[in-house]
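Take a look at the structure set out below.
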Amino acid sequence: MKYIFVRTSTTDQSPQLQLDDIVRTFAVSNYTVISEQDSAFKEKAKRDEYEKLKKLIMANRVTDLYVWDLDRLHRNRKRLIDFLALCKVYHTRVYSFNQQWMQAIQQIQPPFNEIMFDFMLSIMGWLAEDESVKKSNRVKMAVRKSPDGITRSYKGAKWGRKALTKQVVAKIIELHLAGHSVREIAKQVQVYDANNNGRLISKSAVHKTISNFVSGTG
């Protein structure tokens, strides 16, 4: 069966735009749509529709899979490669509106189509590794530890979260001594950024502050 997988990251985007592009470009008919409105970037995001698609592929129920862009499947390049490798094992042909060169690979006669597909996966794997190394090097170049033991950017700015103000720390300790739980404190204490925008403090920050107070390091 033919499946079209469309994904939008937020509820104010319309998957219909992706669907229209795919159907018009590939002249797809008699297809089933799997639509997802979620993030493919968050590592721990629960993606029920994506997992449903994988199960259909492993059940040999997907002969052709159409997407608007490969990043609609997964933004993480390594996981995308794993998904495409899965498609190869179960003989699912993948087509992408924004990567129409994939269609040319599908049209190559066997066994050369599989050779080219493996070559494509190798290139994508190399790009993923190269991207990871460059990102790591950029972070190392941008962040340095100064003689005072504080990690700073190359411009001298402190790296990491801004320390809590004395007023915030005092409020946390006051509520803690009054018998409030970490969860209750996190619902009452606000912190402010440089633009004076307020937000509720995180439970981890509350826990760390209380731990420092109990140990005498706060």
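The values are calculated or read from the model by the stated rules, or taken from the named source; none is laboratory data. Remember, predicted model here, so these are calculated numbers, not experimental data. A quick note on method: Cβ atoms are made from the backbone with ideal geometry, for glycine too, and the neighbour counts reach across all protein chains shown.
Within segment 57-86, being surrounded by 15 or more Cβ atoms within 10 Å (Cβ to Cβ), assigned to a helix (DSSP H, G or I) and more than 21 Å from the chain's Cα centre (by Cα) holds for one residue alone: Ile57. Residues in segment 94-114 that are surrounded by 12 or more Cβ atoms within 10 Å (Cβ to Cβ), in a helix (DSSP H, G or I) and over 25 Å from the mean Cα position of the chain (by Cα): 5 in all. If the condition is being under 11 Å from Val168 (Cβ atoms) and surrounded by 13 or more Cβ atoms within 10 Å (Cβ to Cβ), then segment 191-218 contributes Val191, Ile201, Ala205, Val206, Thr209.
Among the conditions (1) among the basic types (Lys, Arg); (2) modelled with pLDDT under 90; (3) surrounded by 13 or more Cβ atoms within 10 Å (Cβ to Cβ), Lys54 misses just one, which is (2). List the pairs whose first member sits in segment 164-192 and is in a helix (DSSP H, G or I), whose second member is not β-branched (Val, Ile, Thr), and whose Cβ atoms are under 6 Å apart, counting only residues at least 6 apart or on separate chains? The qualifying pairs are Ile173/Phe213; Val182/Lys203; Val182/His207; Ile185/Leu175; Ala186/Lys203.
Close contacts from segment 8-32, counting a first residue that is not assigned by TED's automatic domain parsing to the domain that holds Val67 and a second that is aliphatic (A, V, I, L, M) and modelled with pLDDT of 90 or more, with Cβ to Cβ under 7 Å and a gap of 6+ residues or different chains, come to none at all.
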